[in-house]
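The values are calculated or read from the model by the stated rules, or taken from the named source; none is laboratory data. Because the structure is predicted, anything quoted here is derived from the model rather than measured. Reconstructed Cβ throughout: ideal geometry from the backbone, glycine too, with neighbour counts over all protein chains shown.
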């Protein structure tokens, strides 16, 4: 999978995880909130309606009590006094003053009207004596009813008022005791009723005429049409809601008065009545939005971390597969190298035999030249020089093949005492040919009389050769110097491999001893060389360190403990202490 496809895949995975979290987290929150809000709305509406109904009943009762009290006062006055007494203006005026003192001027005036509509006695502030009410609407209704309360009207005085009357009989003819009730006091019973910021009350009669003064504009005709559509019964209480032509909702609470002749109306804007609910609704919506934002942010963070972990796991899996393939390839390459090593050892062994014969034959020819018949030859000196050269180069070939055979044999892990100087010289000699072609000078520097170190000879050769080969690889193009050193350091022997190559990058310095880690080009490094060196040194109880500085080469130090007692008594030790790998982040060089 290429980088673009991987990016699209992880982006799609991130979206799917976020959507899944949002659906499973936000959806229940929103659904539950909607159900709770709806239930709260229904409950709150019921509470508002119940409150308005209770308030309507309470004020209906207050108005009924007010009217009944005034009617009872007139009834009592008519019952306890004869027509002749009340027809006397002086006595009527006395009774009127008593009513005003008793009821705080609720009664405006008092009059006695005969069956023909003539007011035969009057007590009050207006000039209404001997007024004839025969054509007045209220008189025509009052004369036919034992008790009567009129609608509000202006009448002769030109101001709103209504009449309370009681009918009595004298000699078979009816007469009426009537009283005018103070409209302002009656109107205050309704006008001062306020609910919230927009709620107020008023009274209408059956014809849709106001019996009190509303504090705001009200279209009585539309209301009466609406009430008729509702089929309002005379004794029923009702709370309903209506949309106005302006688009707003208004709540009406209705209650009948005077047996249904009047209707008390409490009106309030629905927005005002449900303002607390709207506030709660806004708070809940804000909470839902904030909670949803929190869930979205949390889901993005969690999903991103999850996708990053999945991505990292996929990369590690791919890397593991690559390492497995690389390891398989390295095993194949190692097998090839082993086969080449065996082939080289066989060739070296086969070459060693004819070289030995050549040396022997050269010696035999030299012995023959010493005979008398060749003694006087003028080329004897040249023959002798050539034979000496043949013997010298033959012994050199024998020595090279001997060393090659020794190195190509299987690793011997037996602990022996290794002479340090001899080992360093041999490593320098084996690497000198390759170094010469790369313009690299290899030199040794060690103290005299160093004690031998207890280790496996082939393994120590492998460690030193690997360090030298790494230095040669790093300096292959630039050339330079490699120094193999050895010295005492307390109870330890300090072996060093120092080069003046390009150094090791600080980013790679801490990982140079990790298995399969290499900075060499693909196909050149296995990443196992320094790891094997680390394992070998650890096994014998030593330490291996690397110090590096950019542009100034690298220094590998190997500390090997040497027992104070005889080396032979310590030859079998495995070296329990774990080696300490320390890194100096200064130097930089590409190592295996």
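For residue 536, the conditions (1) touching a strand residue (DSSP E or B) at 6+ places or on another chain (Cβ under 7 Å); (2) at pLDDT below 90 are fulfilled apart from (1). Within segment 515-533, identify whether any single residue is in contact with a strand residue (DSSP E or B) (Cβ under 7 Å, 6 or more places away or on another chain), closer than 30 Å to residue 449 by Cβ, at pLDDT 85 or above and not in a loop (DSSP other than H, G, I, E, B), and answer yes or no. Taking every residue of segment 515-533 in turn, at least one turns out to be in contact with a strand residue (DSSP E or B) (Cβ under 7 Å, 6 or more places away or on another chain), closer than 30 Å to residue 449 by Cβ, at pLDDT 85 or above and not in a loop (DSSP other than H, G, I, E, B).
Restricting attention to segment 172-216, which residues are under 25 Å from residue 123 (Cα atoms), in a strand (DSSP E or B) and in contact with a helix residue (DSSP H, G or I) (Cβ under 8 Å, 6 or more places away or on another chain)? Of everything in segment 172-216, those that are under 25 Å from residue 123 (Cα atoms), in a strand (DSSP E or B) and in contact with a helix residue (DSSP H, G or I) (Cβ under 8 Å, 6 or more places away or on another chain) turn out to be 175, 176, 177, 178, 179, 181.
Table: residues versus (1) closer than 20 Å to residue 432 by Cα; (2) free of Cβ contacts under 8 Å to residues at least 40 places away in the same chain; (3) touching a helix residue (DSSP H, G or I) at 6+ places or on another chain (Cβ under 7 Å).
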{"position": "476", "(1), (2), (3)": "yes, yes, no"}
{"position": "480", "(1), (2), (3)": "yes, no, no"}
{"position": "491", "(1), (2), (3)": "no, no, no"}
{"position": "506", "(1), (2), (3)": "no, no, no"}
{"position": "537", "(1), (2), (3)": "no, no, yes"}
{"position": "552", "(1), (2), (3)": "no, no, no"}
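When you scan segment 220-238, do you find a residue that is touching a helix residue (DSSP H, G or I) at 6+ places or on another chain (Cβ under 7 Å), farther than 19 Å from residue 269 by Cβ and at pLDDT 85 or above, even just one? Looking for residues that are touching a helix residue (DSSP H, G or I) at 6+ places or on another chain (Cβ under 7 Å), farther than 19 Å from residue 269 by Cβ and at pLDDT 85 or above, one finds none in segment 220-238, hence no. Only a single criterion out of (1) loosely packed, with under 13 Cβ neighbours inside 10 Å; (2) touching a strand residue (DSSP E or B) at 6+ places or on another chain (Cβ under 8 Å) is not satisfied by residue 282, namely (2). When segment 288-302 is filtered for residues that are in contact (Cβ under 8 Å) with a residue 24 or more places away in the chain and more than 18 Å from residue 16 (Cβ to Cβ), the ones remaining, listed by number, are 288, 291, 292. A residue that is more than 15 Å from residue 537 (Cβ to Cβ), part of a helix (DSSP H, G or I), assigned by TED's automatic domain parsing to the domain that holds residue 562 and more than 58 Å from the chain's Cα centre (by Cα) occurs nowhere in segment 498-508. Only residues that are farther than 13 Å from residue 392 by Cα and modelled with pLDDT of 75 or more were counted across segment 362-374, and they come to 1.
Given the options 302, 307, 289, name the one that is surrounded by 14 or more Cβ atoms within 10 Å (Cβ to Cβ), at pLDDT 85 or above, out of contact with any strand residue (DSSP E or B) (no Cβ under 9 Å at 6 or more places or on another chain) and not assigned by TED's automatic domain parsing to the domain that holds residue 17.
That would be 307, the only listed residue that is surrounded by 14 or more Cβ atoms within 10 Å (Cβ to Cβ), at pLDDT 85 or above, out of contact with any strand residue (DSSP E or B) (no Cβ under 9 Å at 6 or more places or on another chain) and not assigned by TED's automatic domain parsing to the domain that holds residue 17.
Of the residues making up segment 418-470, those that are surrounded by fewer than 17 Cβ atoms within 10 Å (Cβ to Cβ), within 60 Å of the chain's Cα centre (by Cα) and not in a helix (DSSP H, G or I) number 1.
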